[in-house]
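Report on the following structure.
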Amino acid sequence: MISILSENQINNIREAGKIVSACHIALRDLIKPGILTSDVNDFVREFIVSHKAVPTQIGYMGYPYASCTSLNDEICHAFPGNEIIADGDILKVDFVVTLNGWMADSCWCYAVGDISEEAAELMKVTKECLYRGIEKAVHGNRIGDIGNTIQRHAESNGYSVVREYTGHGIGREIHDGLIVPHFGKEGKGPRIREGMVFTIEPMINAGAPECTIDSDGWTARTADGSLSAQYEHTLAITKNGPEIITNQD
Ligand code: MF3
Ligand code: CO
């Protein structure tokens with residue numbers, strides 16, 4: 001089932017999105033060499049709760065924390081904990097907020113101190129992948145148009161697209177019906193329609209696309225140890241094109 005939402009329903013998601021955006025903007029100053037990934041998670045949880053919203057990820061499919069804090073070769077879903085964030089790291093922080101029963105979701109990749117040229121280039125191309133995907137998220141296109149443009153941009157830069165995790169419909173549930181792969185063929189997949197709300201969240205590896213899962217059952221990391229970057233926005237498809245619900249500009 002692919003949900004088509006009314007303007008009123010989307011307004012609720014917009015309100016949740018404002019909290020997600022504001023929290024990411026605050027993280028720009030918080031994330032520094034020397035702090036722990038659990039410090040980042042504590043900040044995210046307290047920020048969400050102080051805005052009278054719910055940190056949706058806690059308890060979702062048994063996930064224990066408000067956020068995922070994935071460093072370097074960790075692709076996604078890493079547990080916050082005692083890892084010290086160091087100069088040169090890249091850190092992906094991903095979280096979902098529920099406000100009045102409606103959800104918004106965004107992951108952002110942060111450069112910690114001075115990062116290598118390789119890491120900076122991977123971050124730049126991954127962000128471009130997200131925004132190129134968003135440009136294709138217009139009424140009348142197909143979901144495959146999004147993945148196709150992301151895959152072509154990643155691979156033409158010598159990178160690879162993680163296959164195991166995708167964008168997704170979102171609304172009253174974190175994962176609501178629609179699946180949005182970050183690879184695929186133009187003209188394939190479900191038709192994109194006004195009123196759809198979904199995420200695009202490419203995970204792009206500097207090396208090979210394969211991932212492994214740690215013994216915690218959650219943390220996904222690159223099989224070859226290469227760096228991985230991710231950016232995610234929640235979007236609403238309007239008659240004027242894609243609206244970035246979790247915009248930070
Ligand atoms: N933000 C995640 C996503 O983009 C959703 C939560 S996964 C969790 O799919 F289980 F870690 F919470
Ligand atoms: Co998501």
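The values are calculated or read from the model by the stated rules, or taken from the named source; none is laboratory data. No experiment lies behind these values; they were computed from the predicted model shown. Positions of Cβ are backbone-derived with ideal geometry, glycine not excepted, and every protein chain shown enters the neighbour counts. With ligands, DNA and RNA removed, areas are computed over all heavy atoms of the protein, side chains included. Shrake-Rupley method; radii C 1.70, N 1.55, O 1.52, S 1.80 Å.
For segment 209-224, check the following and say yes or no: at least one residue is closer than 28 Å to residue 18 by Cβ and surrounded by 20 or more Cβ atoms within 10 Å (Cβ to Cβ).
no
Scan segment 1-47 for residues that are in contact (Cβ under 8 Å) with a residue 60 or more places away in the chain and charged (D, E, K, R) and jot them down.
14, 15, 28, 32
Go through 212, 222, 199 for me and flag whichever is of a type in the set (Ser, Thr, Tyr) and either more than 24 Å from residue 91 (Cβ to Cβ) or within 14 Å of ligand 1 (Cβ to nearest atom) (or both).
199
Can you tell me how many residues in segment 19-60 are over 14 Å from residue 96 (Cβ atoms) and not acidic (Asp, Glu)?
The total comes to 18.
Determine, yes or no, whether residue 194 is without any contact (Cβ under 8 Å) to a residue 12 or more places away in the chain and either surrounded by fewer than 20 Cβ atoms within 10 Å (Cβ to Cβ) or within 15 Å of ligand 2 (Cβ to nearest atom) (or both).
Criteria not met by residue 194.
When you scan segment 30-40, do you find a residue that is among the basic types (Lys, Arg) and more than 20 Å from the chain's Cα centre (by Cα), even just one?
Among the residues of segment 30-40, at least one is among the basic types (Lys, Arg) and more than 20 Å from the chain's Cα centre (by Cα), which makes the answer yes.
Any residue that is at pLDDT below 95 and open to solvent by less than 50 Å² (accessible area, probe 1.4 Å) - is there at least one of those in segment 156-164?
no
Could you tell me whether segment 200-216 includes any residue that is out of contact with any Cys (no Cβ under 6 Å at 6 or more places or on another chain) and on the phi > 0 side of the Ramachandran plot?
No, the conditions are met nowhere in segment 200-216.
Hey, does segment 37-50 have a residue that's open to solvent by less than 20 Å² (accessible area, probe 1.4 Å) and farther than 29 Å from residue 206 by Cα?
Yes, segment 37-50 contains a residue that is open to solvent by less than 20 Å² (accessible area, probe 1.4 Å) and farther than 29 Å from residue 206 by Cα.
Mind listing whichever residues of segment 1-53 are over 19 Å from residue 175 (Cα atoms) and either basic (Lys, Arg) or in a loop (DSSP other than H, G, I, E, B) (or both)?
Residues satisfying the conditions are 18, 28, 31, 32, 33, 34, 35, 45, 51, 52.
Just to be sure before I move on: is residue 5 closer than 24 Å to residue 139 by Cβ, buried (at least 17 other Cβ atoms within 10 Å of the Cβ) and at pLDDT 95 or above in the structure I sent?
Spelling it out, residue 5 is indeed closer than 24 Å to residue 139 by Cβ, buried (at least 17 other Cβ atoms within 10 Å of the Cβ) and at pLDDT 95 or above.
So residue 142 clears everything in (1) in contact with a helix residue (DSSP H, G or I) (Cβ under 8 Å, 6 or more places away or on another chain); (2) away from ligand 2 (no atom under 16 Å from the Cβ) except one condition, right? Which one?
It is condition (1) that residue 142 fails.
How about segment 155-176: which of its residues are more than 16 Å from the chain's Cα centre (by Cα) and not acidic (Asp, Glu)?
Going through segment 155-176, the residues more than 16 Å from the chain's Cα centre (by Cα) turn out to be 155-160, 172.
Scanning segment 155-176 gives 156, 157, 158, 159, 160, 172.
Kindly establish whether residue 127 is within 14 Å of ligand 2 (Cβ to nearest atom), under 30 Å from residue 54 (Cβ atoms), touching a residue at least 40 places away in the same chain (Cβ under 8 Å) and basic (Lys, Arg).
Judged against the criteria, residue 127 is not a match.
Looking at segment 225-238, can you tell me whether even one residue there is among the aromatic types (Phe, Trp, Tyr), closer than 28 Å to residue 88 by Cβ, in contact with a His (Cβ under 7 Å, 6 or more places away or on another chain) and touching a residue at least 40 places away in the same chain (Cβ under 8 Å)?
Checked against the condition, which is being among the aromatic types (Phe, Trp, Tyr), closer than 28 Å to residue 88 by Cβ, in contact with a His (Cβ under 7 Å, 6 or more places away or on another chain) and touching a residue at least 40 places away in the same chain (Cβ under 8 Å), segment 225-238 yields no hits at all.
Would you mind listing the strands (runs of 3 or more DSSP E) fully within segment 54-146 where at least 3 residues are within 9 Å of ligand 1 (Cβ to nearest atom) and buried (at least 20 other Cβ atoms within 10 Å of the Cβ)?
Once the strands (runs of 3 or more DSSP E) in segment 54-146 are filtered for at least 3 residues that are within 9 Å of ligand 1 (Cβ to nearest atom) and buried (at least 20 other Cβ atoms within 10 Å of the Cβ), what remains is 90-99, 102-111.
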